[in-house]
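Here's the structure, in structure tokens; my notes come after.
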């Protein structure tokens, strides 16, 4: 007999390390429509030991996606891999191929504006379509972190 059980945990937020919180806040606001919900500037010993040099953490949200932007004081690598801006990638789904194209165009428009400092000069990829009709493109945020945007047709859901 097979039983379906509720997963023991569900995604609450994704932490994104940054060396320029104001730049990140502006970019995520303008690109994804995120809005801040809280900011912390005092941290427990545990947080300070996990995130050396942490100065601010701001939570931002949009459409059920919650990110914690974690500002670090220094770009210098002092301890090890934990001092790098890091995560592999975040994938966000959109409702239509048109919305996917509009998201790509918005990234290009914001990048061309010169209003943001990007740590990586890489442009976004083109939109690719796989054998099931899933369409995706990849881009980098201002911190050099990879974001995938995807549209899944009904047949692939």
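Things worth noting here:
- Residue 110 vs. criteria part of a strand (DSSP E or B) and either out of contact with any strand residue (DSSP E or B) (no Cβ under 6 Å at 6 or more places or on another chain) or modelled with pLDDT under 85 (or both): no
- Any hit, the range 85-101, residues being modelled with pLDDT under 90, out of contact with any helix residue (DSSP H, G or I) (no Cβ under 7 Å at 6 or more places or on another chain) and in a helix (DSSP H, G or I): no
- Subset tally (residues that are in a loop (DSSP other than H, G, I, E, B), closer than 16 Å to residue 27 by Cβ and touching a helix residue (DSSP H, G or I) at 6+ places or on another chain (Cβ under 8 Å)) for the range 116-141: 6
- Among the conditions (1) modelled with pLDDT under 90; (2) more than 30 Å from residue 154 (Cβ to Cβ); (3) not in a strand (DSSP E or B), the only one that residue 68 does not satisfy is (3).
- Leading residue by the ranking (modelled with the highest pLDDT) among those in the range 1-23 that are farther than 21 Å from residue 65 by Cα and loosely packed, with under 10 Cβ neighbours inside 10 Å: 5
- Restricting the range 34-49 to residues that are in contact (Cβ under 8 Å) with a residue 12 or more places away in the chain and loosely packed, with under 13 Cβ neighbours inside 10 Å, the residue that is farthest from residue 140 (Cα to Cα) is 41.
- Residue-level analysis places residue 115 among those that are under 24 Å from residue 67 (Cβ atoms) and loosely packed, with under 13 Cβ neighbours inside 10 Å.
The values are calculated or read from the model by the stated rules, or taken from the named source; none is laboratory data. Here the structure is a predicted model, which is why all the values come from computation and not from measurement. Heads up, the Cβs are rebuilt from the backbone with ideal geometry, glycines too, and the neighbour counts pull from every protein chain shown.
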